[in-house]
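Have a look at the structure below before the remarks.
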Amino acid sequence: MENNSSFNSFKQKCKGFVDSLPLMRTVLPERKQTGKRFNQESLVFDILGVKYDAHNAVGDVKSLQQLVEHFALTNEKITPHSFSVEYVLQSVRQLISFNKRLASFTIPASVLSKGMVRKMAKSGLEQRHLILANEREGSDGVANLLSELFLENPESQKTEKL
């Protein structure tokens, strides 16, 4: 992905990404109190009085730009909700790796719950690790393996801000 020349060109032009949902929640805290929705289509209609081609990439980007311009959002407001391109790339890599580990498990749900399989995959385990631990030390090996932490929890990592 990052070796792609078009991606390298993108990285040179894009400083990062902003999560607009928490941003709008900080800009418009009264919407939550009044039960109004924070989806982009509702925000654009309620604030700008405009209906737009929602779920069309160009329409979404242009309407979001209009919202940001309407509120004259400063870097101070935007930065806490921003992520660098490198951070997003790292998150995508972690997700791909997690999905590969998750797919390695072929244990029936009657033996091991989906939730437990997800926890093991999230910690860095694959089914082959369980098999190897069992072959080497039996159930004690599996128990020891399950008590170890393989990867730092990605959700606990600090985000790289712009």
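Can you pull out every residue in region 113-162 that is within 26 Å of the chain's Cα centre (by Cα), hydrophobic (A, V, I, L, M, F, W, C) and at pLDDT 90 or above?
Answer for region 113-162, where residues must be within 26 Å of the chain's Cα centre (by Cα), hydrophobic (A, V, I, L, M, F, W, C) and at pLDDT 90 or above: M116, V117, M120, A121, L125.
Can you tell me which residue in region 42-70 is surrounded by the most Cβ atoms within 10 Å (Cβ to Cβ), limited to those that are in a loop (DSSP other than H, G, I, E, B) and among the small types (G, A, S)?
Result: A54.
Out of curiosity, is L23 in contact with a helix residue (DSSP H, G or I) (Cβ under 7 Å, 6 or more places away or on another chain) and surrounded by 11 or more Cβ atoms within 10 Å (Cβ to Cβ)?
yes
Out of all the residues in region 1-41, which are among the hydrophobic types (A, V, I, L, M, F, W, C), assigned to a helix (DSSP H, G or I) and closer than 19 Å to E69 by Cβ?
Once the filter is applied, which keeps residues that are among the hydrophobic types (A, V, I, L, M, F, W, C), assigned to a helix (DSSP H, G or I) and closer than 19 Å to E69 by Cβ, region 1-41 yields L21, L23, M24, V27.
With the requirement that a residue be closer than 29 Å to G16 by Cα, exposed (fewer than 12 other Cβ atoms within 10 Å of the Cβ) and of a type in the set (K, R), what does region 90-120 give you?
K100
What pairs can you find where one residue is in region 12-28 and touching a residue at least 40 places away in the same chain (Cβ under 8 Å), the other is of a type in the set (D, E, K, R) and part of a helix (DSSP H, G or I), and their Cβ atoms are less than 8 Å apart, with a gap of 6+ or different chains?
L23/K77; M24/R31; T26/K77; V27/K77
I'd like to verify a number: residues in region 42-81 that are in contact (Cβ under 8 Å) with a residue 24 or more places away in the chain and not hydroxyl-bearing (S, T, Y), how many?
9
Filter region 45-73 for residues that are of a type in the set (S, T, Y) and either modelled with pLDDT of 90 or more or closer than 14 Å to L28 by Cα (or both) and give the result.
S63, the sole residue that qualifies.
The values are calculated or read from the model by the stated rules, or taken from the named source; none is laboratory data. All of these numbers come straight from a predicted model, not from anything done at the bench. As a convention, Cβ positions derive from the backbone with ideal geometry for all residues, glycine included, and neighbour counts pool all protein chains shown.
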